[in-house]
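Read-outs throughout are calculated quantities, based only on the coordinates presented, and are distinct from any laboratory measurement. Please read all numbers here as calculations on a predicted model, not as lab measurements. Every residue, glycine among them, receives a Cβ derived from its backbone with ideal geometry; neighbour counts consider all protein chains shown.
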């Protein structure tokens, strides 16, 4: 494959992931009124696992064994499964802006842990970019916050951020042995199995919920789950965990923009400023590639692109 195409594909995969994850916030806002946190997580993962299994049936595949399989199962349970439940539950206690602010501690945790344990180092551009992008998320949170928050919600969101960080680091290690599609497919199945205790609630809520809410859950399963996690894994296979996770700071700004375009919810000027800061922070993380990063490269992955 030509070098230019090799460098471009992970960036396109990351961009697709962020757009689809941002769209999830809009759908969760409406579907969450009719589905409880656990039932929504199970419904989303069940749809995603089904879609990925259908694709897997037409693909040659080599299933992982031993430690690689254990890594996939663990991050599937923690990140795909429990993380989704915690995020859904946090939004019952916090407004969307505060939830986004707390959860976006995750990329900072990933950058620090990846620098320490995956030997990715601490490139100056990445560290500065993370600070600027987090300031952008904080600005968006200040602009959109309704003041609805409590300790339970903050703890739930912090737990989700920690699981996000641990899940990404485990997946990065698993991708040394497992292809991105298989890693996504089996991780989603593991997450769905972990959420099976919510099956009775899901059955009851499907019967009571309007069709539009159920279609929203189906959308969440196919697009922000099956497709977005597959494109994320493709990008993570070829990028450092710290650099890729910093791109998730685009999600709050994209969600504000989508709400403006699709729901006619004009954002506050301060939210636009926050979105611009997020874009600036993510752009700064790429400067180490443009200027020729002299920091230590990952020992177990190709050069970040």
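Structure notes:
- GNM result for the chain, Cα springs below 10 Å: residue of 185, 79, 260 fluctuating most strongly: 260
- Whether the range 11-119 is rounded, prolate or oblate, judged on the alpha carbon gyration tensor where a/c under 1.5 counts as rounded: oblate
- Efficiency of FRET from Cβ geometry, residue 8 and residue 268, R₀ 30 Å, rounded to 0.05: 0.30
- Euclidean distance between Cα centres, the range 68-141 to the range 180-223, Å: 22
- Computed helical MRE - 222 nm, the chain, DSSP H runs ≥ 4 contributing -39500 (n - 2.57), nearest 500: -23000 deg cm²/dmol
- The chain: mean projected area of Cα convex hull, nm²: 15.6
- By average C-beta atoms within 10 angstrom, highest first, the peptides 252-259, 67-74: 252-259, 67-74
- Contour excess over end-to-end distance, with Cα ends at residue 179 and residue 260 and 0.36 nm allotted per residue: 25.4 nm
- Gain in span if fully extended, residue 59 to residue 150, counting 0.36 nm per residue against the direct Cα distance: 28.1 nm
- The modelled label-to-label distance between residue 283 and residue 117, using points 7 Å beyond Cα along the C-beta direction, is 3.4 nm.
- Within the range 113-134: backbone nitrogen closer than 17 Å to the residue 276 label point (7 Å, Cα to C-beta): 132-134
- Computed from label points 7 Å out along Cα-Cβ, the spacing between residue 70 and residue 204 is 3.8 nm.
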